[in-house]
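Peer 1: Handing you this structure, nothing more for now.
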Amino acid sequence: MLRLTDPEGGFLSSKRKGKGIGTESVKNIAAKYNGVAKFEYGDGMFYASVMLNI
């Protein structure tokens, strides 16, 4: 079975061993602009939601 998350709930990279930097970068940018980023995986799909307060 393919493992998608680490024990802390972060998503693992599909390109290299360990965590990826993409979702963390998006979270940091959202936080910079007083927003939120949410990532989920379910039913074979990856879901990303980003809300910014602009």
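Taken together, the values in this text are just the output of simple stated rules run on the coordinates, not laboratory data. Here the structure is a predicted model, which is why all the values come from computation and not from measurement.
Peer 1: Quote the relative contact order of the stretch 14-54 in percent (integer), defining contacts as alpha-carbon pairs under 8 Å separated by 6+ residues.
Peer 2: Relative CO of the stretch 14-54 lands at 32 percent.
Peer 1: Given H placed on each backbone N at 1.01 Å, which residues far from residue 35 in sequence or on other chains put an amide H within less than 5 Å of it?
Peer 2: Excluding prolines and chain starts, which carry no amide H, the hits are 53.
Peer 1: Under the rule of at least 5 residues apart or a separate chain, name every residue whose amide H is placed under 5 Å from the amide H of residue 10.
Peer 2: Excluding prolines and chain starts, which carry no amide H, there are no hits.
Peer 1: Residue-wise, which Karplus ³J(HN,Hα) couplings in Hz belong to the stretch 41-54, taking 6.51 cos²θ - 1.76 cosθ + 1.60, θ = phi - 60°, and x for glycine or proline?
Peer 2: With coefficients 6.51, -1.76 and 1.60, one gets 10, x, 6, x, 10, 9, 10, 10, 10, 10, 10, 10, 9, 10 Hz.
Peer 1: Continuing with the same structure: Quick one: Karplus J couplings for the stretch 25-37, per residue in order, coefficients 6.51, -1.76, 1.60, θ = phi - 60°, nearest Hz, x for Gly and Pro?
Peer 2: Ordered by residue, 3J(HN,Hα) equals 4, 5, 4, 5, 5, 4, 5, 4, 9, 6, x, 9, 10 Hz.
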